[in-house]
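I'd like to ask some things about the structure below.
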Amino acid sequence: MKLGVNSVLFKDFDFATAAKQIASCGYDGVEIAAIKGMCEHLQLDRWREQAEELRAIVADNGLEFLSMEVASLDEERLIQAFEAGAELGIPVINVGPGGTAGDENSLLHSIETLRSLSKKAEEYGVTLCVKAHVGNAIYNTPTTLQAMKDITSPAFGIDMDPSHIYRGNENPEEELPKVLSRMKHVHIRDCKGRTAGPGDIQNQACGRGDIDLFAYCKALVDGEYEGPVCLEVIGANQHSLADVSIVAAESYGYLNACLQKLGVRKPKLVKE
């Protein structure tokens with residue numbers, strides 16, 4: 001099980017800085033952000049121009065590309081993401097479901113869109129993953145299960161984010177086994193309470209909030225999950241490099257300790 005960080009945590013800094021800090025914290029890899037309007041460490045409109053530099057940054061820091069977050073369901077951007085993923089060796093492309101919670105037509109539209117996009121992902125040999133997202137059409141376990149049932153493409157997977165499940169009034173460690181068969185990625189963070197938003201970045205650090213993340217990690221291990229587990233922390237305000245690095249380091253320490261306790265990770269020496 002490999003641990004990574006979504007580079008959106010370092011949205012106020014360039015990708016080289018993000019990768020250096022992520023590696024220094026002990027992580028295995030990175031989820032590169034290609035989120036228009038929020039963080040575009042990977043600019044999909046010019047990914048070919050960036051490709052060589054991005055490969056070098058990742059390699060120089062002893063990391064690997066674990067995934068990419070695009071968020072949007074825009075087909076043109078996702079085709080670019082699939083192309084970039086295939087070329088750069090990024091196996092998973094993460095999106096949100098869009099739509100509106102509790103609206104059946106919205107759910108059906110979201111599923112149909114994901115089904116069509118997954119067929120296109122197949123052509124590029126990458127996996128399109130979606131997560132249940134508070135307020136969106138796919139927002140809990142039942143709607144996730146409906147998507148799993150209706151989308152049969154092998155290039156479709158579930159990104160199981162415990163914070164959205166918890167904030168949707170479910171317990172993620174109990175819900176995980178229900179979707180495990182299609183899980184290809186994990187976005188992970190903590191939170192205080194079952195609020196609509198994730199809260200301050202400090203309270204999103206794993207181990208600081210109210211989610212039973214040890215039980216969640218145990219469910220991953222018990223289910224023999226072997227995909228990426230990437231910290232995804234999003235903050236509205238500008239933060240210092242020290243602020244975001246502390247969140248990354250604290251989360252790594254917590255997750256790594258949990259997984260070592262569960263017998264699936266060994267101590268890792270970080271190169272100076």
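Starting from segment 3-111, pick out the trypsin sites (Lys or Arg not before Pro) whose DSSP state is loop and whose Cβ has at most 15 other Cβ atoms within 10 Å.
Lys36
Counting only heavy atoms of the protein chains, get the accessible area per residue of the chain (1.4 Å probe) and round it to a whole Å² value.
Values: 11560 Å² over 272 residues.
Roughly 42 Å² per residue, with all protein chains present.
Counting other Cβ atoms within 10 Å, keep those with at most 15, restrict to DSSP loop, and tell me which trypsin sites (Lys or Arg not before Pro) in segment 167-272 are left.
Here the trypsin sites (Lys or Arg not before Pro) that fit, given the DSSP loop and packing criteria, are Lys192, Arg194, Lys268, Lys271.
What FRET efficiency comes out for Val264 versus Leu145 if R0 is 30 angstrom and r is the Cβ-Cβ distance? Round to the nearest 0.05.
0.70
How big is the charge dipole of the chain about its Cα centre, in debye rounded to the nearest 20, if each Lys and Arg gets +1 on its Cβ and each Asp and Glu gets -1 on its Cβ? The partial results should precede the final answer.
On the way: 27 positive and 40 negative charges, 115 e Å.
Charge dipole of the chain: 560 debye, to the nearest 20.
When the accessible area of the chain is computed with all protein chains present and a 1.4 Å probe, what percentage of it is carbon and sulfur?
Accessible surface attributable to carbon and sulfur in the chain totals 47 percent.
Can you tell me what share of the DSSP beta bridges in segment 2-262 is antiparallel? A percent to the nearest 5 is fine.
Just about 5 percent of them are antiparallel.
Let me ask another. Just to verify a number: FRET efficiency for Ser24 and Ala236, C-beta to C-beta distance, R0 = 25 Å, to 0.05?
0.50
Turning to a different aspect of this structure: If the limit is 18 Å between Cα atoms, which of Lys36/Lys120; Lys131/Lys266; Lys119/Lys149 go over it?
As for pairs spanning more than 18 Å Cα to Cα, those are Lys36/Lys120; Lys131/Lys266.
So between Glu123 and Asp222, what do we pick up on full extension, going 0.36 nm a residue minus the alpha carbon distance?
Working: separation 99, 0.36 × 99 = 35.64 nm, distance 3.25 nm.
Contour length minus the Cα-Cα distance gives 32.4 nm.
Under unit Cβ charges (Lys, Arg +1; Asp, Glu -1), what dipole magnitude, rounded to 20 debye, does segment 1-145 have relative to its Cα centre?
My answer is approximately 280 debye.
Treating cross-link reach as a plain straight distance, find the lysines whose alpha-carbon is under 19 Å from the alpha-carbon of Lys192, omitting any fewer than eight places away in the same chain.
Straight-line reach from Lys192, under 19 Å: no lysines qualify.
For Glu83 and Ser116 in the same chain, what is the full-extension length gain: residue separation times 0.36 nm, less their Cα-Cα distance, in nm?
10.2 nm
Extending each Cα 7 Å along its Cβ direction at Thr17 and Ile246, get the distance between those two points in nm, one decimal.
That separation, rounded to one decimal, is 1.7 nm.
From the convex hull of the Cα coordinates of segment 1-74, what is the mean projected area in square nanometres?
5.0
When every alpha-carbon pair in segment 182-272 is counted, what percent end up more than 23 Å apart?
27
In the chain, which Cys residues have no partner Cys with a Cβ closer than 4.7 Å?
Cys25, Cys39, Cys129, Cys191, Cys206, Cys230
Please give the contour-minus-distance gain from Asp74 to Asp60: 0.36 nm per residue of separation, less the Cα-Cα distance, rounded to one decimal in nm. Can you show the working numbers first?
Details: separation 14, 0.36 × 14 = 5.04 nm, distance 3.24 nm.
Extending this stretch completely gives an extra 1.8 nm.
Could you state the principal axis extents of the C-alpha atoms in segment 2-262, from the largest down, to the nearest angstrom?
Rounded to whole Å, the extents work out to 44, 41, 35 Å.
The values are calculated or read from the model by the stated rules, or taken from the named source; none is laboratory data. Keep in mind that what you see is a predicted model, and the values were worked out from it rather than measured. Neighbour counts run over all protein chains shown; Cβ positions are idealised from the backbone, glycine included. Remember, those area values only see protein heavy atoms, side chains included, never the ligands or the DNA or RNA. Shrake-Rupley method; radii C 1.70, N 1.55, O 1.52, S 1.80 Å.
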